[in-house]
Every structure is written in C-alpha cells, then in structure tokens.
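The values are calculated or read from the model by the stated rules, or taken from the named source; none is laboratory data. This structure is a prediction, so every number in the text was calculated from the model and none was measured. Cβ coordinates were reconstructed from backbone atoms using ideal geometry, including for glycine residues, and neighbour counts include every protein chain displayed.
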Amino acid sequence: MSMDAPIRPKIRIESVNKSYVIDGQQQAVLNGIDLTVNEGEFVSIIGPSGCGKSTLLNIIAGLDQPDSGSVELSGVTGDAISGDGFGGGRLGQTGYMQQKDLLLPWRSVLDNTILGLELRGMPKRQARERALEFTEEFGLKGFEHQYPYALSGGMRQRAAFLRTMLLDQDVVLLDEPFGALDALTRVQMQEWLLQLWESVNKTIVLITHDVDEALLLSDRVYLLTARPGKTALALEVGLPRPRHYDMVTSSEFAALKSSLMGPLRSQVLATRSGGQSG
Ligand SMILES: Nc1ncnc2c1ncn2[C@@H]1O[C@H](COP(=O)(O)OP(=O)(O)OP(=O)(O)O)[C@@H](O)[C@H]1O
Ligand SMILES: [Mg+2]
C-alpha cells in the first residue's frame, strides 16, 4: 500500500452485544465488542474457547445479527434496530471458512471446492479447471475424485480452505483454518496465505488458538476475554514485512509473544474457574 493511500475501515464493529439461551438461560456471549479492520489489513482474533469468536465471525458474515451495536462492512452499516434486510446486507460479501468444514458428503473433493463458484453461476467445467490449478498447492492432488469420508481431517480442512479462497472475495474470514493440520503442513499453509495476502489487496480476519500463527501473520491481534467476550487487548504487530517463518525465533517476536501470552493465560484460567460448561 502506498504511503498516501487513505486508511479506510473495511470492517467496523462497535459496541456489539449478543446473547443466546445456553443451558436454558439467556447468557451474554459478546459484551460490547469493538473491533476495526482496515482495508488490506490482516487481523487475528484469539481468546479462550467459548468466548464468542465464531459468533463474532457469523455476525460479520451476516449469518447472525447482533442484539445491539453496529456492524459496518465495506462502508455499509447494518444495525440491530433498523432491520435493514436479511443478514444486514452482508451475506455473500465475504469469503467465509467456518470452523466446521461443511463439506457435502455426496460431492467429490473437487466438486466441493467449486461449490461457491458454481453458486455464483460459473459453469462446472470452467470452475473445475480453475480448482485443479490449485489442488497441488493445497495438498489435494490425487484426491480430487475422492469423497470427503475418505479424507483425513487435515485434508478436509484444506479442501474447505481452497473452496473459500477460490471465491476470491476481498474480505476473507477464516475460523481456525489450520487447526487440524500437522505442524509442517500448517507452516506451509501459513506461508502460502502470507504470500497470497502480500501479493493481493485482501482484508483477512483469522481466528486462531495459535499465538505464533497470530503474530506471524497479523498486523494486529485482538485478544478476547472469557465469555462474555469483549476486547481485552489489541496488540499491534510491528514486525517487518514480508514475513518469514524464521522470524518466530527473533527477540522482537519473543517480546510480542510474552506480551500476548500473559493476558491470554489469565483469560483461559478465568474460563476454567468460571464454572462454565460451554
Ligand atoms: N446459535 C447458538 N445458539 C445458542 N448458543 C450458541 C449459539 N452459537 C454459539 N452459542 C454459544 O455461545 C458461546 C460462544 O460460542 P462460539 O462458538 O462463538 O465460541 P468460540 O469462541 O468460537 O469457541 P471455540 O474456540 O471453542 O470455537 C458458546 O457457549 C456456545 O455454546
Ligand atoms: Mg469457534
């Protein structure tokens, strides 16, 4: 991005509250969340299990609505009160890889990866050709015509990741995309994502439990508190770009890591001692 490119918020979340009925009681899940992602930024969200991370991504994608507060995506605001149409107008505006891979069992791996393209009206043949250009890079080569049940968890995850990236949206939401991968494949996919992000102007929000992953990839890391989630810390990651995996051993990286690990640990402990079952 050039020096004088204006900084525009691509996603702006203000005072968002959300509650669900959990164990028969209405319980707050998100409590006054504020979060901003500027155009072209890479932002990660980290926080204890059950603190509302996936809920927040569902809200950004328009699959769910906040009880109060406002959500702005690409300059369009949908708030809880105005009832501005299904999904606050946000549905279909993002590439969203959900935490569950949601592969269709009756479709081959290849046909699962092209689902988004097909829904958008691309002829199947053209969509398949496009997907086949990437199957090697995504470690799916040779498995294109298998069905999801025959795949390992890591492979299913890579198929879902490819499906999301083929949509080529300028906002991409990734909910623990690499959680089921072995360490080596994980690093390989992180580097692939870094390269992709550095070469095109995409805005990415990534949920992860992996502190190294969050720091290595992001411009900023948001740490959420234990449920109900609110922003506990927004850590700017000033590491130089382009980034490489070797940076995880630098002293700068170690300093960032320790400033994140302390607060994260307290939040995780708060979850355990809070007597929550979710
Ligand atoms: N549609 C829903 N209806 C009722 N409760 C829900 C719903 N979605 C989420 N919850 C509850 O809200 C809380 C937050 O869930 P969420 O999936 O957002 O957490 P998370 O931070 O993504 O956790 P994890 O790290 O384990 O994926 C949980 O207690 C969950 O059970
Ligand atoms: Mg989740």
Go through (1) in a loop (DSSP other than H, G, I, E, B); (2) touching a Phe, Trp or Tyr at 6+ places or on another chain (Cβ under 7 Å); (3) not hydrophobic (A, V, I, L, M, F, W, C) and name the single condition residue 158 misses. (1)
Can you tell me which residue among 225, 203, 271 is within 29 Å of residue 9 (Cβ to Cβ), touching a residue at least 24 places away in the same chain (Cβ under 8 Å) and within 16 Å of ligand 1 (Cβ to nearest atom)? 225
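One line per residue, one yes/no per condition, for (1) β-branched (Val, Ile, Thr); (2) surrounded by fewer than 17 Cβ atoms within 10 Å (Cβ to Cβ); (3) modelled with pLDDT under 90; (4) away from ligand 1 (no atom under 16 Å from the Cβ):
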site: 4; (1), (2), (3), (4): no, yes, yes, yes
site: 11; (1), (2), (3), (4): yes, no, no, yes
site: 39; (1), (2), (3), (4): no, no, no, yes
site: 46; (1), (2), (3), (4): yes, no, no, no
site: 58; (1), (2), (3), (4): no, no, no, no
Identify, by number, the condition in (1) under 18 Å from the mean Cα position of the chain (by Cα); (2) surrounded by fewer than 19 Cβ atoms within 10 Å (Cβ to Cβ); (3) touching a residue at least 60 places away in the same chain (Cβ under 8 Å) that residue 75 doesn't meet. (1)
Filter result (farther than 21 Å from residue 217 by Cβ and either under 13 Å from the mean Cα position of the chain (by Cα) or more than 16 Å from ligand 2 (Cβ to nearest atom) (or both)) within segment 28-51: 28, 31, 32, 34
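Just need a number here: residues in segment 61-72 that are among the charged types (D, E, K, R) and under 20 Å from the mean Cα position of the chain (by Cα).
Number satisfying all stated conditions: 2.
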Collect the residues in segment 167-192 that are crowded, with 21+ Cβ neighbours inside 10 Å and either among the aromatic types (Phe, Trp, Tyr) or at pLDDT 90 or above (or both), keeping them in residue-number order. 171, 172, 173, 174, 175, 177, 178, 190
